[in-house]
């Protein structure tokens, strides 16, 4: 199912990002495009806890939380069929092969980049 920008309205998003400025920018953009940020996590253990306890439609996942790779989280989300976007400053080629086809958000990013990544993950 193709998802248009208007279909992002009401989307419940979990943001997993360790850089507070980047997380705040994501939250601002998400609210501006009509999404609901249902939670944020900046540490690996906190991310695991929120993934288990919150209901969401999609996850934005930083590939590295305070020096700890999140590939195991990404693998788990993929296995469960959960829509997610990988956020990275390094580009898709820096990701393990199975994750290179996952929609990613290249940092730094703009609103249209975030919208594009969300739509791609929801297709």
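The table that follows gives values for the structure above.
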quantity	calculated
DSSP beta bridge pairing in the chain, given as percent antiparallel to the nearest 5	10 percent
Cα-only Debye scattering, segment 13-70: base-10 log of I(q)/I(0) at q = 0.18, 0.22 Å⁻¹	-0.55, -0.80
Among 41, 55, 92, residue whose mean-square fluctuation peaks in a GNM of the chain (springs only between Cα atoms under 10 Å)	55
Semi-axes of the equivalent ellipsoid for segment 61-123, Cα gyration tensor, largest first, Å	17, 15, 10
The chain - mean residue ellipticity at 222 nm from DSSP helices (-39,500 (n - 2.57) per run, n ≥ 4, rounded to 500)	-11000 deg cm²/dmol
For the chain: span of alpha carbons on each principal axis (Å, largest first)	34, 28, 26
Residue among 22, 63, 37 with the largest mean-square fluctuation in a Gaussian network model of the chain, springs linking Cα atoms under 10 Å	22
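All of the numbers you see were taken from the coordinates with simple rules; none came from a lab. A quick note: this is a predicted structure, and the numbers were derived from the prediction, not measured.
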